[in-house]
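First up is the structure itself, then whatever we jot down about it.
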């Protein structure tokens, strides 16, 4: 298996540049004396070696295959914890999800996509779709286990099969089927260890891709992802993998159901982490997985034979047969078809030595160390396939050459091929790295032009060469045969600091650039740092030795992300380079850069050896600055107890302030590391120290639900009543119910945080340590309200038993003699919160609970009675109003039985009756009326209950209100009166009922003045007719259009215009937006209506409106026909 470091090296050779290869890069196992063989053979095997180096290493899930079949495992039978994956069978709520995305900042969609840097699985999907023929793999959709999984009865469907058996075809078939059914509920990911960036083999890559797929839409970004983006300083910092996992869990929670297809799990290098994260986001998640057969498992699974055969083997044979020119050649080839993939690849390798076309595509001469651009072939793709069989390599749509299949790489690097009679040539990794490094450097040295805008087009290898020559330099090793040649070329490049090759290297892709970053042709020369800095960053010690031997080299030169060469080397974990720089008098305490100093950089990267080395060279253990403020906080954040111990032994200040977390203790608590918390406290860390981001350690531990750390902090005298603040709200374990507060508002204390997180154990622990059950703060106002809002009856009971005030307001100022029944916090008081949550048991508990005596707080009166069912709040009204607005009849009944004021005013709808009418809750409405609710009570959005019911179109509720003597002409509210509301909303049946109950058809309303104009403006002809039949004044004045005729004309409704004119509407009445109906018709350019109005004595010279008269307006608009009329 290749070294782990190879996993970071990308394959990016394009077909146009395949000629940049060496002549002798492979050693024949039978010729250890390094004698040269035929050039063609050397090149071909080097090319194979090249692809092996740059294709991904075998994943941690490689296993011996035992069956020639694909297995479809019963969902839930593969993982021991598969039962944890539950399925939500509810329908997918598209509208709700879209609304969530609207709440994000859609201006940031592009920025967030760039920040996530998510790998793109669609390239794999498109490639698989292109290879898939109609009908292939469709059998999986009718398989019994698939059907069970699809219907949501199980969480996991695992499909296993041998290499090349068509698993990707099956996953693609499933994806296409799901996309057709649930375009917003199906997602996919292809693990691919051929991927250049290696992100397609990691758990982080999966999380990034799924977040991008699920949390970004054209209309905006999901609030959770947007909050994470803002937390990371608007994309300046990278999110942690755990942050990505938490964000994904929150996003998935808003989607129901979510179907996820994961292809080639065996090519994932972090399978355990993948399943850990998926378990974290298990809600609503249905997962289908394909992978190779896992030989070491012994699960009792159901399986079916793959009738179509091994797809990869078939694909290879079709490729061979396509080269046959005659029927006889085809028949001969069919008789000689290999019996397995291994035999297929063996035959392909044997054919390599027959090729004689290598020299035709060479463009780099490694002996002369020159790149001849003019020597490049015009038909390179054809040339490549002439040399290497297409069963071994492919040139994709982007002209990138890759191994044709993961099984090719495995065949070449394994021992399988050798016993089969093929004298395979050994692949020398170090030699291959040397050749590639030389090729890249020769290429870069030829880029002398100042104009690099077209480099990617004209020199497609330039980006790869700029990115990866240092990596190849490191991997070749000092003992490689060609190491000196590559070294000399590198020194030549970096000594041209003021010349174009060096400048272009950095502009194209310097060492500090993100791997996805594009060429920056306008990067100023003064922003390009010293060669020493870049070499320290890359860890190229031998080149650094050459640079340090020159008197002009300043070992402490400032510049770059990390400020200086020493910090860069420490941040990258290059111990040899750190040692070398220190020996050449690098300042171990130099300030600046991301980490402030080299010691903090080493601590942040968990590199104990470098930390120790720097301390030996007198690095200041308490040096301030940088991202974490000091080295101790950096080490605590990284969770490395040994480094924390080492720093403390060197007199690190356990209470030093600054940095992201404020101090080391809060950093350790935030990371949930009990051992480091204990260690810091033993070294006199202040358990009550306040921090910038999280305020105090106890609050953080409580909010994260970490009982052990809470216990440790309390044992070290942490104040159970110390308050946190709103800055912590965004980091409360992904709990979106705890939202950020406005600046200046407190976030409550540890008890509040524990209650908000539903953690009864921590609540009890804090109360036992004298936490104040009535402390004020937080979105919900106090711990009791937080517990009620979460619907946790046990915690509510616990708090009440510890003297929590059932009537306490949520605001912070009881000490200023506020009425104990006035409101504050999110809901105002605990009873209102319980009503809002629809929690009948908690409502009953609060109403029945007697307050116990409490310690006095200044002049605050002690409450000794039951919860006040009539406590008011400007926003939410009262508990009865909230319960009614939520449609919870049981809670309404309980509140009324406890003497809630049925006519209390407050809230959006003004009172409970109007809220019930607006909801169409007939049962609750009946209940309220039975308890003497005022059917004509005024206030709220609609003014009265009848207008509310009319607006929402509930005929039964309207009838009920009218039976209870609702005033049919009651004024006020959004529409002014009920009949106007019915006309504007097009409620014909309700309009009839209202008119039958003597509604005044000419009563004045809001925007349109009266019901007739409203109906005309909204195009409701039948209601216009109805109103006219009930004596509505056809020429009634007022409103936006002045009268109904002008409203109908302005909307271009010819039928209503004719109807109104038929009822003798005056075509010359003045007023409204256009002045007259005729001017409205001219403004709309409606010749027919103009003609109709003129026939009804419309006056073209009537003075009014924007253009004084209709004739002038028609002329101004250049309407010749209308002027003629």
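The values are calculated or read from the model by the stated rules, or taken from the named source; none is laboratory data. On a predicted model such as this, the values are computed, not experimentally measured, just so you know. Ideal geometry is used to build each Cβ from the backbone, glycine not excepted, and the neighbour counts take in all protein chains shown.
Which residues, taken from segment 497-512, are in a loop (DSSP other than H, G, I, E, B) and either at pLDDT below 75 or crowded, with 17+ Cβ neighbours inside 10 Å (or both)? Listed by number, the residues that qualify are 510, 511.
Residue 666: crowded, with 24+ Cβ neighbours inside 10 Å, touching a strand residue (DSSP E or B) at 6+ places or on another chain (Cβ under 9 Å) and under 29 Å from residue 705 (Cβ atoms), yes or no? Full working, then the answer.
Working: crowded, with 24+ Cβ neighbours inside 10 Å: yes; touching a strand residue (DSSP E or B) at 6+ places or on another chain (Cβ under 9 Å): yes; under 29 Å from residue 705 (Cβ atoms): yes.
In short, yes.
Scanning segment 576-601 for residues that are within 31 Å of the chain's Cα centre (by Cα) and under 13 Å from residue 620 (Cβ atoms), we see that the one that is surrounded by the most Cβ atoms within 10 Å (Cβ to Cβ) is 600.
Scanning segment 1083-1097 for residues that are at pLDDT below 85, under 11 Å from residue 1050 (Cβ atoms) and assigned to a helix (DSSP H, G or I) yields 1083, 1084. Just one residue in the set 261, 236, 163 is part of a loop (DSSP other than H, G, I, E, B) and under 27 Å from residue 143 (Cβ atoms); that residue is 163. Only a single criterion out of (1) in contact with a strand residue (DSSP E or B) (Cβ under 9 Å, 6 or more places away or on another chain); (2) within 21 Å of residue 949 (Cβ to Cβ); (3) surrounded by fewer than 20 Cβ atoms within 10 Å (Cβ to Cβ) is not satisfied by residue 983, namely (3).
For residue 590, the criteria (1) within 23 Å of residue 483 (Cβ to Cβ); (2) in contact with a helix residue (DSSP H, G or I) (Cβ under 8 Å, 6 or more places away or on another chain); (3) outside any helix (DSSP H, G or I) hold in every case but one, which is (1).
This table checks each residue for (1) surrounded by 19 or more Cβ atoms within 10 Å (Cβ to Cβ); (2) modelled with pLDDT of 85 or more; (3) within 39 Å of the chain's Cα centre (by Cα); (4) under 28 Å from residue 350 (Cα atoms).
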position	(1), (2), (3), (4)
405	yes, no, yes, yes
408	yes, no, yes, yes
434	yes, yes, no, yes
454	no, no, yes, no
471	yes, yes, yes, no
479	no, no, no, no
486	yes, yes, no, no
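Residue count for segment 1046-1068, restricted to those that are surrounded by 20 or more Cβ atoms within 10 Å (Cβ to Cβ) and either part of a loop (DSSP other than H, G, I, E, B) or in contact with a strand residue (DSSP E or B) (Cβ under 6 Å, 6 or more places away or on another chain) (or both): 3. Take the conditions (1) in a helix (DSSP H, G or I); (2) farther than 26 Å from residue 537 by Cβ; residue 612 misses just one of them, which is (2). Out of 1027, 961, 994, 1007, one residue alone is touching a helix residue (DSSP H, G or I) at 6+ places or on another chain (Cβ under 7 Å) and either surrounded by fewer than 21 Cβ atoms within 10 Å (Cβ to Cβ) or under 30 Å from residue 1089 (Cα atoms) (or both). It is 1027.
Here are the criteria: (1) assigned to a loop (DSSP other than H, G, I, E, B); (2) touching a strand residue (DSSP E or B) at 6+ places or on another chain (Cβ under 6 Å). Tell me which single one residue 206 does not satisfy. In the conditions (1) assigned to a loop (DSSP other than H, G, I, E, B); (2) touching a strand residue (DSSP E or B) at 6+ places or on another chain (Cβ under 6 Å), residue 206 misses (1) alone. All conditions in (1) at pLDDT below 80; (2) touching a strand residue (DSSP E or B) at 6+ places or on another chain (Cβ under 9 Å) hold for residue 319, with the sole exception of (2). Every condition in (1) in a helix (DSSP H, G or I); (2) modelled with pLDDT under 90; (3) surrounded by 21 or more Cβ atoms within 10 Å (Cβ to Cβ); (4) under 21 Å from the mean Cα position of the chain (by Cα) holds for residue 175 except the one numbered (2). Is it the case, given these coordinates, that residue 301 is part of a helix (DSSP H, G or I), modelled with pLDDT under 80 and surrounded by fewer than 17 Cβ atoms within 10 Å (Cβ to Cβ)? Spelling it out, it is not the case that residue 301 is part of a helix (DSSP H, G or I), modelled with pLDDT under 80 and surrounded by fewer than 17 Cβ atoms within 10 Å (Cβ to Cβ).
Taking the criterion of being closer than 20 Å to residue 1011 by Cβ and touching a helix residue (DSSP H, G or I) at 6+ places or on another chain (Cβ under 6 Å), the residues of segment 1060-1079 that qualify are 1060, 1063, 1065, 1072, 1077. The test for being over 30 Å from residue 1061 (Cα atoms) and surrounded by 17 or more Cβ atoms within 10 Å (Cβ to Cβ) holds for residue 973. The number of residues in segment 540-568 being touching a residue at least 40 places away in the same chain (Cβ under 8 Å) and either buried (at least 21 other Cβ atoms within 10 Å of the Cβ) or part of a helix (DSSP H, G or I) (or both) comes to 6.
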